[in-house]
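The values are calculated or read from the model by the stated rules, or taken from the named source; none is laboratory data. Every value quoted in this text rests on a predicted model; they were computed, and no experiment measured them. With ideal geometry, Cβ positions are generated from the backbone for all residues, glycine too; neighbour counts draw on all protein chains shown.
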Amino acid sequence: MDWSLPPNFSTHGDVIDQLFWIILGLTGLAFVLVEGGIIWFLVRYRGTPSRRAHYTHGSNRLEVVWTVIPAVIIVVLGGYSAMVWDDIKNENKFPEDALEFTVIGKQFEWNVVYPGVDEVLGTSDDFEVRNQFHFPAGENVIVNLRSEDVIHSFFIPELRVKQDAVPGMDNIRIWFDSREPGQFEIACAELCGLGHYRMEASVTAHARADFDAWQASQVAENGGE
Amino acid sequence: MAHAAAVNRPPERGLDVYTQKVGMWVFLCSEVMFFAGLIGSYIVLRFGALENTWPEPAEVLAVNITAFNTFLLICSSVTMVKAFAAAQAHDDQGIKKWLLATTLIGAGFLGVQVYEYNELINHHFTPSNCVVVRNGVEETCSILYGSTFYTMTGFHGFHVLLGVICLGWATIRAYRGHWSGGNSRGIEILGLYWHFVDLVWIILFTIVYLI
Amino acid sequence: MATAIAEPTGRAVIEEAHPQSFLRKYLFSTDHKVIAAQFLFYTLFFLMIGGLLAVLMRQQIAWPTEPLTLGGILPETMVAKATDGAYMLPEFYNALVTMHGSVMVFLAIMPMLVGVWANFLIPLQLGAHDMAFPRLNMLSFWTMVPAGILTLASFFVVGGAAGAGWTLYAPLSARPDLTGVEMGQILWLIALVFVGLSSILGSVNYITTVINMRAPGMTWFRMPLTVWALFITAILGLLAMPVLSAAGIMLIFDQTIGTSFFIPSNAAGDALSGQPLLWQHLFWFFGHPEVYILILPAMGFTSEILAVGSRKPVFGYKAMVWALISIAFLGFIVWGHHMFQSGMNPALGLAFTVSTLFIAVPSAIKTFNWMGTMWRGNLQLHSAMLFAVGFVAMFAIGGLSGVFMASTPVDIYIHDTYFIVAHIHYVLFGGSLFALFGAIYFWFPKMFGRMMNETLGKIHFWLTLVLFNVVFFPMHGVGMAGMMRRIYDWTGYQHLEGIGATNQIITIAAVGLFASGFLFAFNFFWSIWKGEKAPDNPWGASTLEWSVPSPPKHGNWSEIPVVYHGPHEYSHPDVTDKDWLGQNERPDVVTPAAGSH
Amino acid sequence: MTAGAGEHSHPRYMLIWLYLALLTAAEVGVIYLDFLEKWMIVTSLLIMASWKALLVALYYMHLKFEPNRLRLVALAPLPAVAIMIVIIMMEYV
Ligand code: HEA
Ligand code: HEA
Ligand code: CUA
Ligand SMILES: [Cu+2]
């Protein structure tokens, strides 16, 4: 049985996982408090005809306590989440030096447009590969997400990325990296029709040299244009 | 609707307003949300559209005819409220006269709308097609213009139609003397609905035909 | 269905004066109690259908590469027949997910919470003869009927039932050429418009009744929490449902008359394009209030049953009311949390995170006040009470898992995984359905004049509690492992290698859970005919509905009661002959104004 | 019945009708005023439309004469409308 988060390879993943475990800790505490309390009350105050319940309409002080404590936790959690979110998603914070790709989803495949040797999209040495996404490990990657038909979602579990590709929207960009070389998958996380379950593509994070070699072999294969 | 369960009714409390009136207002709240959904979508789609794909209303629509139609609806609102005043004043002749007038003007509004739709469709402006003539040349425009136009005005028209049916029925009842003796509640409720439909049109006319 | 309603014993005098035909009495009745019973049978039927779809779906998930047991009886549109058995088709799986979610939400749980209990309880607990608009009330049931028929029919039309998820994301839901579903999608949308109509008619009625038809002395802060919850729910329904209807109608137009509200043209950014995100905004503007429609009444029942079962007033009545109101209000400004990864402007994500997290505050108040109600009580653990306690325990888990998703960065990973599925079911099943079972055990005697069997009830509770957790708790784990929602076959993914055994355990328990539903069904029907005769007030409860015969006669009261006390007065020290004080009882005992401490 | 409409003399319905008609005429007139900037036209149209809507609600629908509690019911959906439209619009600016 495999009940935990898959191994993480990305920089964002560290913070995301950390936040996950922090929330698990906090909610775990609340969980123990609530469930433990309920069980304790069930045992302790189990009804007998000889006893009468304690007559009370509540306690302002207690209610304030359990309003304020969650509120404080929430504010802290919200603030931290917001910061992390901004670091990940705010386009103004995207790195300058990132290598850019375009990934186009369509029923039921992922087409990856590579920037080619000049590392700039939209030039003549761009080339496209179906269902294979290769990129250099240890470098920042930006993906422009497009869709040709319906909404798909670009999900690489080990890199903790997920973003919908929406037809008609050409401004969706995501930024991530893989710190080490590895072999992953793009899974489609948004229901997109009967082939949704098999809309997967292989993802390879190469060491830089390997990536260059792979790119060269692709260019050679495609006739280099 | 009032008499059937009237025996069972407890004395009125709560808002100090009779129950049917509260009910109509509550219902109108949901109508507000319904039209807000349609109008909100229109606003969003229009702002989201690219430059120059969304024609000026006057390029496609016949603003003057509709202005006349707006005027009709305003007239029907005042006749409606006159009918209510007549009912309160025990003026049986007034009730008949004003209700009949409201029904007829309402039907007139629908007639003009049908004519308008017919003209537009003849000029190939449909829910799924948009054509503007600029300098004698036909150009296509965003089909969303037609989609939103017909949906909004169509649903408004549908509400007018329901209103006219109810008004017709109320008029027949008026000739049978149902509303005499200060029995004005039914007319007030119907009036609320009718004025609401008018109010929606005021907004639609402005944002669809003028802006 | 309707014939099953037990013949009430004491018919009202009014009734005898006007003998009614069978049709007027049971089918087209305007009596709120009869309508409530009609809704109850209707929704239990669809609960069973929803459960059946779930079980089918689970079988596919547990053994994705094997033929279905009994798959042979399904038509060719649903399964592919081979020599070794019948294999489920992926498009049928999509239809199952979609219709399971839709049927459960729109045809089972929502009408059961509101249609059944708002109808039954609002007039009885407020001291009114009937709803404000009895005939509108009847109409609100009868508009539900075509919705059900269309839904069932949609499974058998060409192309099968709707398959774009219960969230109907466009453009998948708007373009038959991309799903292969034609009629089914349209039928389901039409059904949805009927559901909307029914729920709007209902809401108008409930709101007006609560506003205007309270018995003398029934001030706002003497209303039972159930009524409060149903009232707030009706407001949510009134303001949210029409938006869904509007959006649904636009979607129907996209499919049928060639409009393109939600369909972008293929080239990105093309001038003619509609906006897929607009659908999501409209859907979730409705959808999030909708999930609170699905939980607030459950919270109301729970508050009430806990007070009765603990023999104590509700802890912090006023805080409970304000918590309901603030949950409802916040419910309108958080819908974007379903769209964090949808391509929505990330800056909106910031705002939606904060507003979403804030819902935890009123929810915390509710949770701890429920525990406060049990604290130092004299707990009577009958089936209704067990389910109410179970509600608190399970809702807390579901609510806490909501906090993970509300945190935007975490949601990047868990969005659209089984973690969400776990959340859904902890709040909807562990929450709403547990409370509904509680409500049925609790008010059954009032509705049908007979008691349900306690032993069977307790067995049903423990089976449900245990199996429910075995089914849905592991889904958190499966979700953490990265299993996506709505996938027909997960075996192709390397990161999902380790989840097979878990999925099989879940499925086996799910079958058990489904079966335990039949234990409940047996108890239910058996008790209607053969149950022990119910006294007027079997639980020693203080609200008005218990001061009339079980079942109440037509018109409920020969004379409208006068209310002197708050709703949940148990174990009052000045009352010595019993441990409760009816709301319309003895003005000589002084109770503190509700909410004062 | 409330202490309102019944006993009080009626608002002058015909006068309101005149207002409405004139405002409509003004609205249609404004769009022909080419020397105005687009935003001025739009703003003035929106103001006139709201004014008309308000007249209908206050006088023809008698909100002016109803108790506050009923006005509250009538106004209840407006915040929801505002929230919906404003937030969705934020996507596009
Ligand atoms: C009854 C239904 C119901 C209820 C009550 C809730 C309640 C909540 N939901 Fe849930 N939700 C759904 C039904 C419901 N939800 C459904 C059906 C979906 C999926 C839709 C789909 O995509 O198909 C969904 C999806 C969903 C998402 C989208 C996930 C995604 O798709 O990526 C999010 C994100 O924020 C979310 C959050 C919350 C939160 C914060 C609450 C809060 O209201 C919970 C508040 C409660 C508590 C927090 C517990 C009690 C409090 C304490 C014990 C105090 C201590 C706590 C702290 C200090 C934190 N829900
Ligand atoms: C209230 C709502 C509700 C309820 C009760 C359930 C109940 C169950 N759900 Fe539900 N589920 C949803 C709402 C609900 N679900 C929603 C909204 C979705 C999302 C859909 C989407 O993605 O579009 C979903 C999705 C969903 C998935 C995800 C599918 C996917 O993404 O691929 C799964 C998978 O296991 C699942 C399983 C189950 C199971 C095993 C049950 C079991 O608990 C079922 C057990 C059976 C019963 C509870 C019935 C018992 C009753 C009787 C036998 C009737 C008695 C009759 C009389 C008295 C007349 N559900
Ligand atoms: Cu593409 Cu799911
Ligand atoms: Cu939500």
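Please determine, by comparing only the residues of segment A:126-180 that are polar (S, T, N, Q) and within 13 Å of residue A:100 (Cα to Cα), which one is nearest to ligand 2 (Cβ to nearest atom).
Out of the qualifying residues, it is A:144.
Yes or no: residue C:131 within 14 Å of another protein chain (Cβ to nearest Cβ), in contact (Cβ under 8 Å) with a residue 12 or more places away in the chain and surrounded by fewer than 23 Cβ atoms within 10 Å (Cβ to Cβ)?
No.
So how many residues does segment A:128-141 have that are more than 14 Å from chain C (Cβ to nearest Cβ) and surrounded by fewer than 19 Cβ atoms within 10 Å (Cβ to Cβ)?
8
Quick check on my filter: what residues within segment D:41-69 are assigned to a helix (DSSP H, G or I) and touching a residue at least 24 places away in the same chain (Cβ under 8 Å)?
If the condition is that a residue be assigned to a helix (DSSP H, G or I) and touching a residue at least 24 places away in the same chain (Cβ under 8 Å), then D:48, D:51, D:52, D:55, D:56, D:59, D:60, D:64, D:65 are the ones that fit.
Counting residues that are within 15 Å of ligand 2 (Cβ to nearest atom), which helices (runs of 4 or more DSSP H) fully inside segment C:349-425 reach at least 3?
The qualifying helices (runs of 4 or more DSSP H) are C:383-406.
Scan segment C:338-348 for residues that are surrounded by 21 or more Cβ atoms within 10 Å (Cβ to Cβ), within 9 Å of chain A (Cβ to nearest Cβ) and not in a loop (DSSP other than H, G, I, E, B) and report the count.
Of the residues in that region, 0 qualify.
Select the strands (runs of 3 or more DSSP E) contained entirely in segment A:168-213, then report the ones holding at least 3 residues which are under 26 Å from residue C:278 (Cβ atoms) and assigned by TED's automatic domain parsing to the domain that holds residue A:143.
Fully inside segment A:168-213 and qualifying: A:172-177.
Yes or no, residue by residue, for (1) of a type in the set (Gly, Ala, Ser); (2) modelled with pLDDT of 95 or more; (3) touching a strand residue (DSSP E or B) at 6+ places or on another chain (Cβ under 8 Å):
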position	(1), (2), (3)
C:25	no, no, no
C:28	no, no, no
C:40	no, yes, no
C:51	yes, yes, no
C:65	no, no, no
C:71	yes, no, yes
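Quick one: is residue C:249 within 7 Å of chain B (Cβ to nearest Cβ), surrounded by fewer than 24 Cβ atoms within 10 Å (Cβ to Cβ) and over 15 Å from residue C:321 (Cα atoms)?
Criteria not met by residue C:249.
Being in a loop (DSSP other than H, G, I, E, B), hydrophobic (A, V, I, L, M, F, W, C) and within 14 Å of chain A (Cβ to nearest Cβ) is true for just one of C:562, C:590. Which residue is that?
Step by step, each of C:562, C:590 is checked, and only C:590 is in a loop (DSSP other than H, G, I, E, B), hydrophobic (A, V, I, L, M, F, W, C) and within 14 Å of chain A (Cβ to nearest Cβ).
Could you run through segment C:278-308 and say how many residues are away from ligand 2 (no atom under 15 Å from the Cβ) and more than 13 Å from the chain's Cα centre (by Cα)?
Total meeting the criteria: 11.
Look at residue A:156 and say whether it is at pLDDT 95 or above and away from chain C (no Cβ under 14 Å).
no
Of all residues in segment A:113-160, count the ones that are in a strand (DSSP E or B) and within 15 Å of ligand 3 (Cβ to nearest atom).
The number of residues fulfilling the criteria is 10.
Which one of C:354, C:334 is more than 8 Å from ligand 1 (Cβ to nearest atom), surrounded by fewer than 24 Cβ atoms within 10 Å (Cβ to Cβ) and within 25 Å of residue C:412 (Cβ to Cβ)?
C:354
Here is a list of conditions, (1) within 11 Å of chain C (Cβ to nearest Cβ); (2) away from ligand 3 (no atom under 16 Å from the Cβ); (3) touching a Ser or Thr at 6+ places or on another chain (Cβ under 8 Å), and residue A:194 meets all of them except one; can you say which number that is?
Of the numbered conditions (1) within 11 Å of chain C (Cβ to nearest Cβ); (2) away from ligand 3 (no atom under 16 Å from the Cβ); (3) touching a Ser or Thr at 6+ places or on another chain (Cβ under 8 Å), the odd one out for residue A:194 is (2).
For segment A:197-225, give me the residue count where each residue is within 14 Å of another protein chain (Cβ to nearest Cβ) and touching a residue at least 60 places away in the same chain (Cβ under 8 Å).
Count: 7.
Select, from A:74, A:104, the only residue that is farther than 29 Å from residue A:150 by Cβ and among the hydrophobic types (A, V, I, L, M, F, W, C).
A:74
Before we move on, is residue B:210 within 11 Å of another protein chain (Cβ to nearest Cβ) and crowded, with 22+ Cβ neighbours inside 10 Å?
In short, yes.
Is there any pair with a first residue in segment A:11-39 that is over 27 Å from residue C:370 (Cβ atoms) and a second that is assigned to a helix (DSSP H, G or I) and away from ligand 3 (no atom under 16 Å from the Cβ) whose Cβ atoms are under 6 Å apart and which are 6 or more apart or on different chains, and what are they?
Once the first residue is over 27 Å from residue C:370 (Cβ atoms) and sits in segment A:11-39, its partners that are assigned to a helix (DSSP H, G or I) and away from ligand 3 (no atom under 16 Å from the Cβ) give A:12/A:88; A:15/A:84; A:16/C:409; A:16/C:413; A:19/C:409; A:19/C:410; A:20/C:410.
Show the residue pairs that are 6+ apart or on different chains and have beta-carbon atoms under 6 Å apart, the first residue being within segment C:153-170 and within 12 Å of chain A (Cβ to nearest Cβ) and touching a residue at least 24 places away in the same chain (Cβ under 8 Å), the second being of a type in the set (Gly, Ala, Ser) and within 14 Å of ligand 1 (Cβ to nearest atom).
Once the first residue is within 12 Å of chain A (Cβ to nearest Cβ) and touching a residue at least 24 places away in the same chain (Cβ under 8 Å) and sits in segment C:153-170, its partners that are of a type in the set (Gly, Ala, Ser) and within 14 Å of ligand 1 (Cβ to nearest atom) give C:164/C:173; C:166/C:101; C:166/C:102.
Among the listed residues C:90, C:123, C:75, identify the single one that is more than 20 Å from residue C:244 (Cα to Cα), within 14 Å of another protein chain (Cβ to nearest Cβ) and surrounded by fewer than 24 Cβ atoms within 10 Å (Cβ to Cβ).
C:90
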